[in-house]
Amino acid sequence: MTGPFVVTDAGIQLSVGTDEQGVLRSVPTLLQSGDDAGGRLDYTPHPDDPAADAEYRELVGDDLAHLRREDRESFNDLVAGEPGTPENLEAFMRVIGEVRLVLAGRLGIEDDGWEAEAEMQSDPELALVGWLGYLQDAAVGVLSELF
Amino acid sequence: MTVAPDQVDVPDVDEFDATTRSWQVVVWNDPVNLMSYVVWVLRKLFGHPEAEATRLMLQVHHEGRAIVSSGPLEKAELDCHRLHHHGLWATLEKT
């Protein structure tokens, strides 16, 4: 049994079935919908200081949104089967993480230990959170070996 | 060499304080990010050895938060920005 990533001389390639590839192809649309129910993609360093928060946001501008757009491009390339660099896999991993955060917000996941009680089989979104976690963990494994 | 100015603008005390005093970057626990991913992010962003990154991750997990870096405001905000880019919940505190 092989993992979901293959490292060759050409680079790192995603190795999943056609169905899984289709699911992954649709994943960025979850982020484009703006459905960040828990506000988990919009953290601020100064939650208790509106003035400092405003100053910080003016400083960083839309840099985070720009970085996330670049990450999604790398994500789409890997999902399309193109070999990528470790940096591309890092971007893939971040997108997976963003989707898990958004889905978790939508599912109302707020406490540790939710996996133990989750009925993955009966809830497609929970199952997706779990499967994306498997992919992210595998990506961490690949990157840790290359680190 | 330069000539000493006749007159200097003394920075506002609060402004001086905010930019020069040390700030701590705090990572907070969340129920979603994988432990393995958090360890990897702390290694990648701050160059921590795996054992130290794991210690910090476990502190976040068990105690709800951990201080992962510190420095002047500009550096601390940049660290926070990079953590947010990686999906981690991070805030700043004055030391």
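Springs between alpha-carbon atoms under 10 Å, Gaussian network over chain A: tell me which of A:ALA127, A:ALA52, A:ALA65 tops the mean-square fluctuations.
It is A:ALA52.
Among B:HIS62, A:PRO47, A:GLY141, which residue has its Cα positioned farthest towards the positive end of the charge dipole of the protein assembly as shown, with +1 placed on the Cβ of Lys and Arg, -1 on the Cβ of Asp and Glu, and the dipole taken about the Cα centre?
A:GLY141
Considering Cα pairs under 8 angstrom that are at least six residues apart, work out the relative contact order of chain A and quote it in whole percent.
Working: 134 pairs, mean separation 44.5, N = 147.
Relative contact order here is 30 percent.
Using only the alpha-carbon atoms, how far is helix A:50-60 inclined from the longest principal axis of chain A? Give it as 0 to 90 degrees, nearest 10.
40
If you average the sequence gap of Cα pairs under 8 Å that are 6 or more apart and divide by the length of the range A:65-147, what percent do you get for the contact order? The partial results should precede the final answer.
Details: 56 pairs, mean separation 25.1, N = 83.
After rounding, I find 30 percent.
According to the Cα gyration tensor, what semi-axes, each the square root of 5 times an eigenvalue, does the equivalent ellipsoid of the protein assembly as shown have, listed from largest to smallest in whole Å?
Details: eigenvalues 264, 83, 63 Å².
Semi-axes, largest first: 36, 20, 18 Å.
In degrees, nearest 10, range 0 to 90: what is the angle between the Cα axis of helix A:63-79 and the longest Cα principal axis of chain A?
Roughly 10 degrees, rounded to the nearest 10.
Taking each residue in B:27-39, count the Cβ atoms of any other chain within 10 Å of its Cβ, then average. What number comes out? Provide the component values of the computation, followed by the final result.
Working: counts 0, 1, 2, 7, 8, 16, 7, 10, 2, 8, 11, 2, 2.
That average works out to 6.
A short reminder: the numbers here are calculations on the coordinates, not readings from a lab. Fair warning: this is a prediction, and the values are worked out from it, not measured in the lab. Quick reminder, even Gly has a Cβ in these numbers, built from the backbone with ideal geometry, and neighbours come from all protein chains shown.
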